[in-house]
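Data block below; observations after.
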Amino acid sequence: MEIYKDNYDILLASIAAGAHWYLAAFFIETKMVVVYDSLHYPIPQIFTRLKSCIESVLHKQFTLKNENNNITLQQNEYDCGVHAFRNAEEICFHGECKLLVPYYAEAERARAREILRRLKDKEITYLWVPHVQSHFDYIDLNKPPDTVAEEVGIVKDDSDIQIIEKTFAQKNIATTVV
């Protein structure tokens, strides 16, 4: 692994433990690391190994700092990824997390989906995607339909393989049968 110090000030790492997402931010100059968790759970065990790996590669020792009081507490069991995404964005633009008040979970999820779509399609060049201002923002953009979107059958010329793809939007599941 090659990491060059002059390329960054903050190293972000997403952590998945069980069905929950955390965000670790390694602040290079201050040698501090913060694990942000929107449910305020204990730090996952895998973090210790991640921290050791980062310290080994960077040849620096980081001190763990608790700043969970600076992040918005999620109100359900499934928005941790959106919170981690939003906290990473705050750190990238402002160098720290802050409470997001008010926080509209559905609009933030839709905005994150829109950001990812624009990045994938290379539509973001200079201006960033505006922040959520109301619970209606971004809700109808890129929203998966409520029914089966498409079923496609493809038969290759030289084989008997048929590929059927179905997209189910209600649970946002894509299946492929070969």
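The values are calculated or read from the model by the stated rules, or taken from the named source; none is laboratory data. Note that this is a predicted model, so its numbers are computed, not measured. In this analysis, Cβ positions are derived from the backbone assuming ideal geometry, glycine residues included, and neighbour counts consider all displayed protein chains. Please note that ligands, DNA and RNA were not included when accessible areas were found on the heavy atoms of the full protein model with its side chains. Shrake-Rupley method; radii C 1.70, N 1.55, O 1.52, S 1.80 Å.
Listed here are the residues, each with its yes/no results for (1) without any contact (Cβ under 8 Å) to a residue 24 or more places away in the chain; (2) of a type outside the set (S, T, Y).
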{"position": "I10", "(1), (2)": "no, yes"}
{"position": "H20", "(1), (2)": "no, yes"}
{"position": "E29", "(1), (2)": "yes, yes"}
{"position": "V35", "(1), (2)": "no, yes"}
{"position": "P42", "(1), (2)": "yes, yes"}
{"position": "L50", "(1), (2)": "no, yes"}
{"position": "L73", "(1), (2)": "no, yes"}
{"position": "E90", "(1), (2)": "yes, yes"}
{"position": "Y103", "(1), (2)": "no, no"}
Problem set entry | Hits in the stretch 102-161 (condition: polar (S, T, N, Q) and either farther than 25 Å from T72 by Cα or modelled with pLDDT under 80 (or both)) | T125, N142, T147, S159
For this session: Pull up the stretch 97-122, narrow it to residues that are assigned to a loop (DSSP other than H, G, I, E, B) and touching a helix residue (DSSP H, G or I) at 6+ places or on another chain (Cβ under 7 Å), then point me to the one that is farthest from N70 (Cα to Cα).
Result: L100
Seminar exercise, completed: Looking across the stretch 74-96 at residues that are open to solvent by 80 Å² or more (accessible area, probe 1.4 Å) and part of a loop (DSSP other than H, G, I, E, B), the single one that is farthest from Y138 (Cα to Cα) is E96
Exercise. Which of the residues that make up the stretch 26-43 are under 18 Å from L73 (Cβ atoms) and not acidic (D, E)?
Worked result: V34, V35, Y36, S38, L39, H40, Y41, P42, I43
For this session: Please identify the pairs in which a residue from the stretch 110-133 that is under 16 Å from R86 (Cα atoms) has its Cβ atom under 9 Å from the Cβ atom of a residue that is of a type in the set (A, V, I, L, M) and open to solvent by 60 Å² or more (accessible area, probe 1.4 Å), counting only partners at least 6 apart or on another chain.
Result: A110/L141; R111/L141; R113/L141; E114/L141; R117/L141
